Each structure stands twice: as C-alpha cells, then as structure tokens.
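See below for the structure under consideration.
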Amino acid sequence: MTAQTLAALALSFTAVAGDWPQFRGPNSSGVAADATMAAQPKIQWSVSLPGRGLASPIIVGTKVFVSCSSGPKQERLHLICFNAADGAKVWERQLRATGRTMSHPKTSIAACTPCSDGRRVFALWSCNDVAAFDLDGNLLWTRGLTTDYPNVSNSLGMASSPLVIGETLVTMVENDSESYTLGLDVKTGCNLWKLDRPKAANWTSPIVWRANAEAAPVVVIQGSKGLTGIDPASGSKLWEYTDGASTTSSSTAIGGVIYAPSNGFTAFRPKGSGAAPEQLWRQKAISPATISPLLLGGKLFSINNAGVIATADLKTGEPGWKLRLTGPFSASPVGAGQRLLAVNEKGLMQVVDISGAEGVLTGQLQLPLKEETKEMILSTPSLSGAHVFVRTDSTLWRLGE
Amino acid sequence: MKLLLATFLLVSHSIVRGAAVDSVQVLASVGREGSGNEAASAAWKEVVKAGPAALPAVLAATGKGSAVADNWLRLAGDAIVDGALRAKRPLPLVEVEAFLRDTSHVDAARQLAFDLIRQADAVRADAIEPSLIADPVQELRRGAVQRVIDAAKTKTGDAAKAAYQQALDAVRDEDQTNFIAAELKKLNVSVDLPRHFGFVMKWNVIGPFDNTERKGFDTVFPPEKEVRLDAEYDGKGAKVKWQPFESRDDYGKLDFNKPLGMQKEVTAYAVTTIDSPTERDAELRLGCKNAWKVWLNGELIFGRDEYHRGQQMDQYKLKCRLRKGANTVLVKACQNEQKEQWTVEWEFQLRVCDSTGTALLATK
C-alpha cells in the first residue's frame, strides 16, 4: 500500500468514536461498539421538528443531523443540525423537491437516512433530491435525480438510505420503471458510475462488506434477485449472490460474512474472481419481515410481523430463544453491549437483556407521541455514547440514563 | 478623508456585488447530472459571502434555469438570511417584498421571495399573506385561502356560505377544496368538483389490446397511429371499436373496468378533444396507478410503466403547449397480471389547467 493510498483511506472517513454516521450505524449492523445503553432509558431532552420523516438521526461529533419534509405535498425538504448535548438548533437548510413527492401516507418524503464521512453530510429524500453540506451547513452540491432521469420514482415512496464509502456516495434509486444505483463523486455529486438495475421497487439500503479487516471495502446492493458486490470507485461488479432477497429488509455484514434476508436468512461468504459465494447456512424458520436484522453478541436478531424477536447463532444459523415484544414494529432493532433496543410504532421503547440463555425485557419507556396526528415511530433509533436518539414526524428525542 | 473612505466602501461594495452576480449566474447555470456543480460549489460560497446585497441577484436568477439550479439559489438565499439574522445585519426586505408583489416575475422566484421574508420576519410574512389570495402561484394562495376557511368556520348561515364561496373561488389545492365543498354541502350548497378542478369527463374508449407479460406498454397498437373513431381493430381476443364513455366521478376517474369489463393483462385507450381559444401553455395533470402514456396532438408527452403503487390527483404534472382550436388528448392505460384485490383498478383521471391549478377548458 502506498503512502498516497494510506492518506486517501485516512481521509475517506474521519468519523470518531461516538459517531452514528448512517442508517443502522457505523457498520450498518445496528450496533455501536463504543456505546452503552441504559437498562431503563429516560427522556433527556426533546425538540420539535419542522416536518415529517422516518429517516434516522445521524450523529457526527457533537452534532445530530435530521432530515424532514413539510408542506401540503411534502415538497419542502429540510436538513437540520442540532447540538447533541442539549438539542439546540445549530443550523437548518431548506430546499424544494424537484422530483415527485407522492408516497404512501404511512411513510414520507424524508424516509432515507442521511450519511456522513465525518466531514460532509449527505441527505437524500424520496423525491430523489440529494444534497451535500459541510458540517457547518454550507452547500457543497445538490442534484435532482428525477430531473436527470425522469422516470426514477416510486409512487409508494422511496426509502433506500445512501452510503458513503471512500470518495463515493452510493444511492440506490431502484423502482419499477427507470431503475439505477448510482455512485456519485462526494466532492461534486457527478456520476462516477451508474448501474442499470432490475425494474422492480426496492427499499433496501446498501452496506459495506470487507473480506477481512485489511481488505478493500466493497459496496453490497440488494434486490429481489439477490445481492451484488460492487467496487465503490468504479462500479464494477465483483460478485453476485443470485438466490433472491428481500426488497425491504437490508443485509448486514460482519467478519467477512454477509447475513442476508434471503429465503429466511442466509449467511454467505463472497468469493473473489467471480466465483459463486460460499453459503454458510440458511435458516428458513426466521422471517425477516420488513425490518433489518441486528447482529450482536454472536447472534442474529430479527423481529417478525407479530412482534416476536427470533435469534439465530451467527456461526451455525441454529435458532435460539424467542421473545414476544409489544409490536407492531417498523423500526429496526439496535444494540449496544448486552442490550437490544426495539421501539414499536406506538412509541414504546423496549430494552432487552441478551446476555443470558433467554432474552429478558429489562425496561420500557413510552414516548409521548402526538395523538391528534396519530403519529408513529417508524424510524430506527441511533446510538451515540450513552444516548439514544429517535424521532417521529414532530419530535427528536435524546434518551439516556 | 471621509469622502475617500465612503468612495472606497462604495466601490468595494460594487465589486462584491458584481462578483456575486457572476457567481449567481454560475449557480443558475448548473445542468443535468451534476454538470457545473464543481464551479457552483465555489460560487455558492461567494454568493453567501456577499451577504444580503446578493439577494436581488439571487431572486432575479431564480426560475430562469432548472429546478435544481433553483435549489442552489434557494439554499444561498437561505444561508444569507440565516447569516444576517445571526449577525443582526439588516436585510433588504422592502426590496424582496416589492419583488414578490411584481407578478411579472416567475413563480419560483416569487415563491422564494415569500419564503425568505417568512424566514427573516414571520410577522411581515403574516401581514402579506392575505393579499396573496388570487396569486398566480398556487402555493402562495394556500395560506390566504386557509385564513378565509378559518374565518368561515366561525360564521353560520348565509355568512358562512358567502365565506366558503369566497374560499372556493380562490382555492386550488385538493385538500382545501374538499374541505370547503364538504362544508358547503352541509349548508345545502352543491359544488361541481369536476368543473372546479377541470377534469375531462367525456371520452371515447377502445380496448382491450394485449398486455401479456406487460409488453403492451411498448407495443404500438393502432390508436397510436391514427385516431379514427369509426375504425375497428383486432383487439385481445376480439374485434374492438371506439365507444363513448363519460365519467360520473367527482374526481374525473375513467374506470376502464366499466366499459370494457374487469380484465387482466390488457391495454386500452381513451381519447378526447379539448378546445383552446388561444395558443397557450398548460398542464395536463394526470393520476393513474397503471402503466400509462399520454399524447397531445399526436406527440408523446410522457409515459410511465409502474403498476399499482398508488394514485392521486395531480400525481403527474405534464407541461404542454395547447394550440388554438381543437387539441386531441390520447391516454393509454395498461392493466397488468397481478391478482390481489388492490390491483383491480384500471383507471386514470386527467385535468387541464394552468400552473396555478386553475381549470382551463370546457370539454366536448
């Protein structure tokens, strides 16, 4: 590895401990290795939001970033930066949707979680407007992907969250019509590459996979036909898994293995040189439903439509304990240490101790949702240090001890 | 010495403004697929650095390029106002309001002007808002209309009728219109919603043609080559002919299942003629949950091959140019193979309006 390459890698991500820079955290696994979670969380502060959204908050340093949409047709797009310590607004920027803003009423135009490389924050909305700002709110660039590609849209709404990897921002704008995954230059927003993708609605988010800790990162994109490994710089296909996969629940990668919501759940290890991936196990007894799995403490956790947490051993896929929580759930579970956090649509935060032979519900907190608008929690919580950040259409909360 | 300093400041100010104007033009010039972004990123900082003095140039450039360019400009205006408020610097709100009130400026620019006033001084925006009730920008009307609705809620009898009627005359948004119509109905006043919205109700329809494996979307069936209402063609399993069909739906929905029967993997067409007294810009606003294409006077305006993801009024706003006299609108709607209960719909709704959403034309 050359000094130049080392420097580029060092610059590619400057996030620090405590950051939750994208959907489902640093490794898209729902886990923050350096975070702690209260057994019985309490509300520490809350702030009002200017619009709807189910995009997760992201945390970079001392700042929390939240995207929203407002207006009669959700045509106003907001990105707001708050001080993580006290919820004070640091800055807010607003742009207008250049793409279509129709969505199913349950979701909204602020459905895609922003992401950050530690120096910039990238926001994507369901109307396929994407904007990059520095951490102080200065615009770096913006694009309207439906302006560029007029049939890129989904009348139910898009929800795939972008992923920044090195100098590439990966945006999956896959739908029934004009369907692409794009690699955008983080500095300019211009296309580095553009992949034609199956004409099928897809709400999953890209993840990063590495064969091992020293290996180059690979972007993994998922769809109804399976998963594809992509070189983030060039967009070249490196490998394919073709056994089909969910179009709602996203995969997770850890230790060189991908745990995919495919035929229940399937664990596989991609191979180089175009060889077929090596399947490690397949567990059909666990349904991924629509939410994404959590990998924590050597186990895979998934929550089904009935609100039951099911577990599987990461090495063997053997099912473990089950625990019925109070559902229904749209948010994916997250975890820290030996605790799992699941929040249902009605705003009930549920903390589960996973350290024993069986899962144990240790704490609950009912968030005060607005009954007059029948608001729900659809957003996956975010973790930073000893804090949990979660939002609804109206409010951002910080929870902790 | 003072004169010298003032001259210097004036010259400096002019230089800054000149640089900002150049930078504003860079923002207004961004193109497709990020073309011009690199230069725009630097220019954006220059415009924001110029501060409130750059606002007139930002407004003047808005609406002259693409919608994406407008976002570059909008975000610059946003940051300028934000910075001025933090620094307690004065903002040229009198000039911005004058810009807003000049309806010769383009819609996007006037909307931005109002939004900047709202951001800088909510009290001032509130004072302006009632005067926008007949504004040519659809969104600018909304607040004013809501005030009339709210006032009407406090009235009874004839006073309420008059107030809601005033709101109805101005309203263009679907949700507000529905509320007003419902309140007027309670007061025994019926509202002709199709007429208010400008839905096309009278059509001739023909079908079914084949759409097996969704191939009908791209197949050119005879109505795409000619519209001859006395023609007969080979359809899917039978000869097909044009037949008149009039929607009875308040929102103009043309349900192909009614004249053609509930079918799957089929394609149908509807055609109508709209008269325009002048050549003019217009919008064909379509709602459809089936794959569709729309032609105006034989020219394909747009098409989309998405099935059963949802339908709403004004789902697609198709900008077009009507010619003086008769204009032919042809709509193709495809039904796919899905069998679920929520995939029964095989329909569309189409209205003809201006950019404000004001109904334009009578149909025949």
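The values are calculated or read from the model by the stated rules, or taken from the named source; none is laboratory data. All values reported here derive from a predicted model rather than from experimental measurement. Ideal geometry is used to build each Cβ from the backbone, glycine not excepted, and the neighbour counts take in all protein chains shown.
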- Go through the stretch B:58-70 and give me each residue that's outside any helix (DSSP H, G or I) and either basic (Lys, Arg) or in contact with a Leu (Cβ under 9 Å, 6 or more places away or on another chain) (or both). B:Thr62, B:Gly63, B:Lys64, B:Gly65
- If B:Val24 passes every condition in (1) facing chain A (nearest Cβ under 10 Å); (2) crowded, with 24+ Cβ neighbours inside 10 Å; (3) of a type in the set (A, V, I, L, M) but one, which one does it miss? (1)
- Could you tell me whether any residue of the stretch B:247-254 is of a type in the set (Phe, Trp, Tyr) and more than 13 Å from chain A (Cβ to nearest Cβ)? yes
- Query: Does the stretch A:102-129 hold any residues that are under 20 Å from A:Ala201 (Cα atoms) and within 16 Å of the chain's Cα centre (by Cα), and which are they?
  - Reply: A:Thr107, A:Ser108, A:Ile109, A:Ala110, A:Ala111, A:Cys112, A:Thr113, A:Leu124, A:Trp125, A:Ser126
- Message: For the stretch A:111-122, check the following and say yes or no: at least one residue is surrounded by fewer than 24 Cβ atoms within 10 Å (Cβ to Cβ), at pLDDT 95 or above and part of a strand (DSSP E or B).
- Response: yes
- Message: Restricting to the stretch A:104-144, name every residue that is among the hydrophobic types (A, V, I, L, M, F, W, C) and either away from chain B (no Cβ under 11 Å) or touching a residue at least 60 places away in the same chain (Cβ under 8 Å) (or both).
- Response: A:Ile109, A:Ala110, A:Ala111, A:Cys112, A:Cys115, A:Val121, A:Phe122, A:Ala123, A:Leu124, A:Trp125, A:Leu135
- Task: Could you please find all residues in the stretch A:145-194 being surrounded by fewer than 24 Cβ atoms within 10 Å (Cβ to Cβ), at the interface with chain B (Cβ under 8 Å from one of its Cβ atoms) and part of a strand (DSSP E or B)?
- Result: A:Asp185, A:Asn191
- Query: Any idea which of B:Asp175, B:Asp150, B:Asp169, B:Asp192 is of a type in the set (Asp, Glu), out of contact with any helix residue (DSSP H, G or I) (no Cβ under 8 Å at 6 or more places or on another chain) and farther than 24 Å from B:Asp314 by Cα?
  - Reply: B:Asp150
- Hits in the stretch B:27-70 - residues which are acidic (Asp, Glu), surrounded by fewer than 20 Cβ atoms within 10 Å (Cβ to Cβ) and either under 29 Å from B:Thr103 (Cβ atoms) or at the interface with chain A (Cβ under 10 Å from one of its Cβ atoms) (or both): B:Glu33, B:Glu38
- Message: On the basis of being away from chain B (no Cβ under 12 Å) and more than 30 Å from B:Ala39 (Cβ to Cβ), does A:Gly256 make the cut?
- Response: yes
- Task: Please state which of the following conditions B:Lys264 fails to meet, knowing it meets all the rest: (1) in a loop (DSSP other than H, G, I, E, B); (2) within 24 Å of the chain's Cα centre (by Cα).
- Result: (2)
- Query: Residues of the stretch B:305-328 being among the aliphatic types (A, V, I, L, M) and farther than 15 Å from B:Gly357 by Cβ, which ones?
  - Reply: B:Leu322, B:Ala326
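Please determine, by comparing only the residues of the stretch A:92-103 that are touching a helix residue (DSSP H, G or I) at 6+ places or on another chain (Cβ under 9 Å) and within 7 Å of another protein chain (Cβ to nearest Cβ), which one is farthest from A:Ser46 (Cα to Cα). Give the steps one after another, and end with the answer.
Going through the stretch A:92-103, the residues touching a helix residue (DSSP H, G or I) at 6+ places or on another chain (Cβ under 9 Å) turn out to be A:92-100.
Still in the list and also within 7 Å of another protein chain (Cβ to nearest Cβ): A:93-96, A:98.
Details: A:Arg93: 20, A:Gln94: 21, A:Leu95: 24, A:Arg96: 26, A:Thr98: 31 Å.
Going through the qualifying residues, I end up with A:Thr98.
Considering each of A:Ala331, A:Ala357 in turn, give the residue that is over 20 Å from A:Gly18 (Cα atoms) and within 18 Å of the chain's Cα centre (by Cα).
After ruling out the rest, the residue left standing is A:Ala331.
If I filter the stretch A:311-322 for residues that are modelled with pLDDT of 95 or more, among the small types (Gly, Ala, Ser), in contact with a strand residue (DSSP E or B) (Cβ under 7 Å, 6 or more places away or on another chain) and assigned to a strand (DSSP E or B), do I get at least one hit? Reasoning before the result, please.
The initial filter retains those residues of the stretch A:311-322 that are modelled with pLDDT of 95 or more, namely A:311-322.
Among the residues that remain, those that are also among the small types (Gly, Ala, Ser) are: A:312, A:317, A:320.
Retained after the next criterion (residues that are in contact with a strand residue (DSSP E or B) (Cβ under 7 Å, 6 or more places away or on another chain)): A:312, A:317, A:320.
Right, trim to assigned to a strand (DSSP E or B) and you get A:312, A:320.
Among the residues of the stretch A:311-322, at least one is modelled with pLDDT of 95 or more, among the small types (Gly, Ala, Ser), in contact with a strand residue (DSSP E or B) (Cβ under 7 Å, 6 or more places away or on another chain) and assigned to a strand (DSSP E or B), which makes the answer yes.
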- Message: I'd like to know if the stretch B:71-87 contains one or more residues that are more than 11 Å from every other protein chain (Cβ to nearest Cβ), of a type outside the set (Phe, Trp, Tyr), in a helix (DSSP H, G or I) and without any contact (Cβ under 8 Å) to a residue 24 or more places away in the chain.
- Response: yes
- Condition check for B:Thr278: within 23 Å of the chain's Cα centre (by Cα) and in a loop (DSSP other than H, G, I, E, B): yes
- Output for the stretch B:294-317, where each listed residue is in contact (Cβ under 8 Å) with a residue 12 or more places away in the chain and under 14 Å from B:Thr328 (Cα atoms): B:Val294, B:Trp295, B:Leu296, B:Asn297, B:Gly298, B:Ile301
- Restrict the check to the stretch B:91-108 and report whether at least one residue is part of a helix (DSSP H, G or I), within 14 Å of another protein chain (Cβ to nearest Cβ), crowded, with 16+ Cβ neighbours inside 10 Å and modelled with pLDDT of 95 or more. yes
- Message: Against the definition (among the charged types (D, E, K, R), more than 28 Å from B:Gly303 (Cβ to Cβ) and exposed (fewer than 14 other Cβ atoms within 10 Å of the Cβ)), how does B:Asp126 come out, yes or no?
- Response: yes
- A:Asn263 meets each of (1) assigned to a loop (DSSP other than H, G, I, E, B); (2) touching a residue at least 24 places away in the same chain (Cβ under 8 Å) with one exception, condition (2)
- Query: For the stretch B:301-338, what are the residues that are assigned to a strand (DSSP E or B), on the phi < 0 side of the Ramachandran plot, over 19 Å from the mean Cα position of the chain (by Cα) and surrounded by fewer than 18 Cβ atoms within 10 Å (Cβ to Cβ)?
  - Reply: B:Ala326, B:Thr328
